[in-house]
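Q: If you scroll down you'll find the structure; I have some questions about it.
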Amino acid sequence: MYAYLIQHAEAKPEEEDPERSLTERGWHEARRVAGFLAGAAGVQVERIVHSGKTRARQTAEVLAEALRPRGGVHAADGLEPMADPQLWAARLQETEGDIALVGHLPHLARLASLLLCATPEREPVRFRYAGVACLERREFGAWSAGWMVIPAILGV
C-alpha cells in the first residue's frame, strides 16, 4: 500500500487573501506535479483526502483531475497544520488502497517522521510546496520511503 503525502501548492499570503487560495505559481506547480504523478510515475490512488483548507482543497482538486481517484476527493479531520500525526498514522495502518493526503507543515513532516522513524521529532522528509513523498507500507506495518518529487525537479 502506498501513501502519498503532499504539501499544498504555494498559496497567497493571508493579508492578501484570508482564504489563502493558490497563487498562479501554485496552480502551475500543482498541475505540473499532477501530470507527472498520472503520467511518468504511474500513480493510481483510491482516494484523495485533504485538510479542508482552501489551499489544500485546491491542490487536491488539481490532483484529482489528473489521477481520477475512484473514491473521489474528500476533506478530513487531522490534516491541519498542528494536528496530531498519531491520528493519521493509525488510519494509514488500517487503509487498504493507495491514498493521497494533501496537507500542511508541520503536520506532514511530523507524520512522515512518525511513520518512518517511530517518532514525530525527526525530519526524514523535507517537504516543499506541491512536493510529494511516496511512502510504502510493507510487511507487518513497517513503512519505507519510496521516492519524493518537488516542482523544481520537474522544471517548474
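The values are calculated or read from the model by the stated rules, or taken from the named source; none is laboratory data. If you're wondering where the values come from, they're calculated on a predicted model, not measured in any experiment. Cβ: placed from backbone, ideal geometry, glycine included. Neighbour counts: every protein chain shown.
Q: Take the residues in segment 115-141 that are farther than 22 Å from residue 63 by Cβ and of a type in the set (Asp, Glu); name whichever of them is modelled with the lowest pLDDT. If you could, list the steps in order and put the result at the bottom.
A: Looking only at segment 115-141, we keep the residues that are farther than 22 Å from residue 63 by Cβ, and these are 116-124, 138-141.
Pick out the ones that are also of a type in the set (Asp, Glu) and you get 121, 123, 139.
Details: 121: 94, 123: 91, 139: 83.
Among those residues, the one meeting the criterion is 139.
Q: Look through 83, 118, 109, 90 and report the one residue that is surrounded by 14 or more Cβ atoms within 10 Å (Cβ to Cβ), free of Cβ contacts under 8 Å to residues at least 24 places away in the same chain and out of contact with any strand residue (DSSP E or B) (no Cβ under 6 Å at 6 or more places or on another chain). Reasoning before the result, please.
A: Working: 83 fails: free of Cβ contacts under 8 Å to residues at least 24 places away in the same chain; 118 fails: surrounded by 14 or more Cβ atoms within 10 Å (Cβ to Cβ); 90 fails: surrounded by 14 or more Cβ atoms within 10 Å (Cβ to Cβ).
Exactly one of 83, 118, 109, 90 is surrounded by 14 or more Cβ atoms within 10 Å (Cβ to Cβ), free of Cβ contacts under 8 Å to residues at least 24 places away in the same chain and out of contact with any strand residue (DSSP E or B) (no Cβ under 6 Å at 6 or more places or on another chain), namely 109.
Q: Now for a separate question. Give me a count of the residues in segment 8-44 that are in contact with a strand residue (DSSP E or B) (Cβ under 7 Å, 6 or more places away or on another chain) and not hydrophobic (A, V, I, L, M, F, W, C).
A: Here the count works out to 6.
Q: Then there is this: Looking at 47, 68 in this structure, which one is closer than 29 Å to residue 122 by Cβ and among the basic types (Lys, Arg)? Even if it seems obvious, please write down each step before you answer.
A: Numbers: 68 fails: closer than 29 Å to residue 122 by Cβ.
Checking each option against the conditions leaves just 47.
Q: Can you tell which of 64, 3 is more than 30 Å from residue 119 (Cβ to Cβ), surrounded by 18 or more Cβ atoms within 10 Å (Cβ to Cβ) and either out of contact with any His (no Cβ under 6 Å at 6 or more places or on another chain) or modelled with pLDDT under 95 (or both)?
A: Answer to the selection: 64.
Q: Restricting to segment 121-148, name every residue that is surrounded by 19 or more Cβ atoms within 10 Å (Cβ to Cβ) and outside any loop (DSSP other than H, G, I, E, B). Steps first, please.
A: The first filter runs over segment 121-148 and keeps only residues surrounded by 19 or more Cβ atoms within 10 Å (Cβ to Cβ), leaving 125, 127, 129-135, 143.
Result: 132, 133, 134, 135, 143.
Q: Of these, 43, 33, which one is under 19 Å from residue 3 (Cβ atoms), surrounded by fewer than 22 Cβ atoms within 10 Å (Cβ to Cβ) and either at pLDDT 95 or above or touching a Phe, Trp or Tyr at 6+ places or on another chain (Cβ under 6 Å) (or both)?
A: Values: 33 fails: surrounded by fewer than 22 Cβ atoms within 10 Å (Cβ to Cβ).
Result: 43 is the single residue among 43, 33 that is under 19 Å from residue 3 (Cβ atoms), surrounded by fewer than 22 Cβ atoms within 10 Å (Cβ to Cβ) and either at pLDDT 95 or above or touching a Phe, Trp or Tyr at 6+ places or on another chain (Cβ under 6 Å) (or both).
Q: In segment 12-25, what count of residues is obtained for those that are exposed (fewer than 14 other Cβ atoms within 10 Å of the Cβ) and without any contact (Cβ under 8 Å) to a residue 24 or more places away in the chain?
A: Quick first cut of segment 12-25, residues exposed (fewer than 14 other Cβ atoms within 10 Å of the Cβ) only: 13-16, 18-19, 24.
Right, trim to without any contact (Cβ under 8 Å) to a residue 24 or more places away in the chain and you get 13-16, 18, 24.
Here the count works out to 6.
Q: If residue 96 passes every condition in (1) of a type in the set (D, E, K, R); (2) touching a residue at least 40 places away in the same chain (Cβ under 8 Å); (3) part of a helix (DSSP H, G or I) but one, which one does it miss?
A: Answer for residue 96: the failing condition is (3).
Q: Any chance you could count how many residues in segment 26-56 are in a helix (DSSP H, G or I) and touching a residue at least 60 places away in the same chain (Cβ under 8 Å)?
A: Restricting attention to segment 26-56, the residues satisfying the condition of being in a helix (DSSP H, G or I) are 26-38, 54-56.
Checking the rest, the ones that are also touching a residue at least 60 places away in the same chain (Cβ under 8 Å) come to 26, 28-30, 32-33, 36-37.
Total satisfying the criteria: 8.
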